[in-house]
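Student: Take a look at the following structure, please.
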Amino acid sequence: MKDKIIELLLSTERKGIENLIQHMGENGFFTAPCSSQYHLCKEGGLAEHSLNVYKTMDNVAVSLEIYDTAKFTEELILTSLLHDLGKMGQYGKALYTENYLASGKISEKKPFETNKQLLAIPHEIRSIQIAERFIELTEAESHAILYHNGLYGDLKYAYSGKETELSMLLHFSDLWCSRVTEKED
């Protein structure tokens, strides 16, 4: 999984991508959970989810015949793999930490909690901040990452009516993966 993500990111040939990949490795992207209690709340869940979103976006783009340019391919790779980058944390602090109960055991129902040592900044914004320390995102890529939670996110009113092909594709793929592909029975 890690090797595939690295291969895809390198294929974009975006200036600074090697440094971003190194930062991701050093700051827990490949080992972080994807959520505190829902989809892929396990070690490596964030990387698994990101790769699932890439595969879904790729399949949907091919089905809709919108995979027409190298630029779109690059945007698809970067937005799918980096949309939740902020979930690895920032400023040397993980976003999710183990959720210990008073008994000293980790909660089975909610094994992780949001790190209380991090200020409340939406992960969408963290994702863009982290990525742009190393690579330059296009306006379309930033827009898609910022609004990838669509009308379910905190920015729903700012997003409503301003959807783009890329942002809708990312939102659908992210939602499909978290609600269908990664759903635990």
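The values are calculated or read from the model by the stated rules, or taken from the named source; none is laboratory data. Predicted, not measured: the structure shown is a model, and the values here were computed from it. So basically every Cβ, Gly included, is an ideal-geometry build from the backbone, and we count neighbours across all protein chains shown.
Student: How do the helices (runs of 4 or more DSSP H) wholly within segment 1-118 filter down when requiring 1 or more residues that are farther than 16 Å from Glu182 by Cβ, modelled with pLDDT of 95 or more and in contact with a Lys or Arg (Cβ under 8 Å, 6 or more places away or on another chain): which remain?
Tutor: Numbers: elements: 2-11, 17-26, 45-63, 70-82.
So the answer is 17-26, 70-82.
Student: Given Glu136, Glu141, Glu132, Glu163, which one is among the acidic types (Asp, Glu) and under 14 Å from the mean Cα position of the chain (by Cα)? Explain how you work it out, then say what you get.
Tutor: On the way: Glu136 fails: under 14 Å from the mean Cα position of the chain (by Cα); Glu132 fails: under 14 Å from the mean Cα position of the chain (by Cα); Glu163 fails: under 14 Å from the mean Cα position of the chain (by Cα).
Residue meeting the stated conditions: Glu141.
Student: Let me ask something else. Of the numbered conditions (1) surrounded by 13 or more Cβ atoms within 10 Å (Cβ to Cβ); (2) among the acidic types (Asp, Glu); (3) farther than 19 Å from Tyr147 by Cα, Asp68 fails exactly one; give the number of that condition.
Tutor: Failing condition for Asp68: (1).
Student: Inside segment 65-79, can you point out the residues that are hydrophobic (A, V, I, L, M, F, W, C) and without any contact (Cβ under 8 Å) to a residue 12 or more places away in the chain? Write out each step before concluding.
Tutor: Start the filter on segment 65-79 by keeping residues that are hydrophobic (A, V, I, L, M, F, W, C), which leaves 66, 70, 72, 76-78.
The one that is hydrophobic (A, V, I, L, M, F, W, C) and without any contact (Cβ under 8 Å) to a residue 12 or more places away in the chain: Ala70.
Student: Would you kindly identify the helices (runs of 4 or more DSSP H) lying entirely within segment 126-185 that contain at least 3 residues that are at pLDDT 95 or above?
Tutor: Helices (runs of 4 or more DSSP H) meeting the threshold: 139-146, 165-176.
Student: Working only within segment 21-52, note down all residues that are surrounded by fewer than 21 Cβ atoms within 10 Å (Cβ to Cβ), among the hydroxyl-bearing types (Ser, Thr, Tyr) and under 15 Å from Ile6 (Cα atoms).
Tutor: Answer for segment 21-52, where residues must be surrounded by fewer than 21 Cβ atoms within 10 Å (Cβ to Cβ), among the hydroxyl-bearing types (Ser, Thr, Tyr) and under 15 Å from Ile6 (Cα atoms): just Thr31.
To keep it simple, each residue is scored yes or no on (1) within 18 Å of the chain's Cα centre (by Cα); (2) surrounded by fewer than 17 Cβ atoms within 10 Å (Cβ to Cβ); (3) closer than 21 Å to Lys71 by Cα.
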| site | (1), (2), (3) |
| --- | --- |
| Phe112 | yes, no, no |
| Ile125 | yes, yes, no |
| Ala158 | no, yes, no |
| Met168 | yes, yes, yes |
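Student: Does Lys162 count as more than 14 Å from His83 (Cβ to Cβ), without any contact (Cβ under 8 Å) to a residue 24 or more places away in the chain and charged (D, E, K, R)?
Tutor: On the way: more than 14 Å from His83 (Cβ to Cβ): yes; without any contact (Cβ under 8 Å) to a residue 24 or more places away in the chain: yes; charged (D, E, K, R): yes.
Yes: the conditions hold for Lys162.
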